[in-house]
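What follows is one structure encoded as structure tokens, with my remarks underneath.
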Amino acid sequence: METDKLNFGVDGDSITAGEQWSHHVYKRLGFASHHNVAVGSAVWYKRTIETPSGSVTTQDYDSPDFAGISGGWLPTDDGNELLMRANNCAVVHIQHFLSDVRKGIAPKPDVFAFAMGTNDDIGCLGDPEKALKGKTLGDNKDIDLFTEAGAMRWCIQTIAENFPDARIFVLTPIQTADPAHNAKIEKQINDVFIPVTNAMSVRLVDCFHNSGICEKFEVIGGEGRYLRDGLHPKENGQALEGAFAAMEIRNHLF
């Protein structure tokens with residue numbers, strides 16, 4: 001397959017935003033383009049966040065009063081900022097991506113990769129069996145977009161329906177320096193990532209177990225072998241994850 005003619009679409013959080021592992025994939029595989037809608041601090045699912053003046057809930061990207069998307073994470077009482085943080089999820093990112101394609105800002109993807117989950121709350125995983133019921137997304141009350149399972153199914157199926165020729169990949173989070181955080185990620189992988197990607201027949205790229213980034217060599221809150229702060233990869237970590245992801249994507253393009 002001539003990868004120099006393929007367009008690469010990407011969504012994720014702070015480990016993916018900008019030119020990190022996915023940029024290495026783009027360069028290594030010689031893709032024609034790299035359109036990345038990842039935003040730091042993102043989660044898979046919609047949220048309701050309490051503010052001093054009431055609650056705010058994730059908007060749709062095409063809402064007339066859409067407030068925008070914020071990757072902010074420091075404490076704040078600013079209601080508009082908290083609304084933009086509630087909008088920072090894969091569901092809205094994918095709506096953004098579709099809008100960019102419709103407007104000609106980005107080409108239709110031939111390959112699309114999701115890399116989310118690092119920031120997801122263990123209490124929001126949801127029920128994959130329920131989230132996978134039915135064939136359609138519209139009016140499907142079993143798909144709860146306020147859960148990781150429901151949002152993951154919705155995002156994968158939305159990309160597949162809009163770009164039926166695209167190959168879709170879902171990357172697991174990498175290991176961090178914190179064993180407790182890693183235990184949460186392993187639960188997500190086993191309870192949600194594996195059943196949803198298996199059911200949706202898309203390739204799961206296991207960066208947690210196979211990328212080469214290992215908790216034993218990282219420092220919580222400090223610089224380790226591949227992570228600059230126990231969570232975010234340094235350039236060598238970005239390159240390592242990118243090399244692994246590129247190999248998995250190249251080997252499963254058919």
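What the table shows:
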read-out: Single match in Glu186, Glu223, Glu235, Glu218 (criterion: touching a Gly at 6+ places or on another chain (Cβ under 8 Å), in the same structural domain as His24 (by TED's automatic domain parsing) and farther than 18 Å from Ile94 by Cβ); value: Glu218
read-out: The listed residue being touching a Leu at 6+ places or on another chain (Cβ under 8 Å) and assigned by TED's automatic domain parsing to the domain that holds Gly126, out of Val202, Val192; value: Val192
read-out: Filtered residue count, the range 95-123, keeping only those that are over 15 Å from Gly40 (Cα atoms) and under 10 Å from the mean Cα position of the chain (by Cα); value: 1
read-out: Asp139 vs. criteria in the same structural domain as Phe217 (by TED's automatic domain parsing) and either touching a residue at least 24 places away in the same chain (Cβ under 8 Å) or on the phi < 0 side of the Ramachandran plot (or both); value: no
read-out: Leading residue by the ranking (surrounded by the most Cβ atoms within 10 Å (Cβ to Cβ)) among those in the range 63-81 that are among the hydrophobic types (A, V, I, L, M, F, W, C) and within 20 Å of Glu148 (Cα to Cα); value: Ile69
read-out: Complete set of residues in the range 214-247 that are in contact with a strand residue (DSSP E or B) (Cβ under 8 Å, 6 or more places away or on another chain), farther than 22 Å from Phe169 by Cα and surrounded by 17 or more Cβ atoms within 10 Å (Cβ to Cβ); value: Glu218, Tyr226, Leu227, Gly230
read-out: Any hit, the range 157-168, residues being over 21 Å from Val205 (Cα atoms), in contact with a helix residue (DSSP H, G or I) (Cβ under 7 Å, 6 or more places away or on another chain) and not basic (Lys, Arg); value: yes
read-out: Meets criteria (outside the structural domain of Thr118 (by TED's automatic domain parsing), at pLDDT 95 or above and of a type in the set (S, T, N, Q)) for Ser55; value: yes
read-out: Residue within the range 120-140 that is part of a helix (DSSP H, G or I), over 22 Å from Gln188 (Cα atoms) and of a type outside the set (A, V, I, L, M) present; value: no
read-out: Criterion: buried (at least 18 other Cβ atoms within 10 Å of the Cβ) and under 30 Å from Leu6 (Cα atoms) - qualifying residue of Pro164, Pro109; value: Pro109
read-out: Filter pass, Lys216 being in a helix (DSSP H, G or I), farther than 30 Å from Pro164 by Cα and in contact (Cβ under 8 Å) with a residue 12 or more places away in the chain; value: no
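The values are calculated or read from the model by the stated rules, or taken from the named source; none is laboratory data. Quick caveat, the model's predicted, so the values are computed rather than measured. Because the Cβ atoms are built from the backbone with ideal geometry, glycine has one as well, and the counts that use them run over all protein chains shown.
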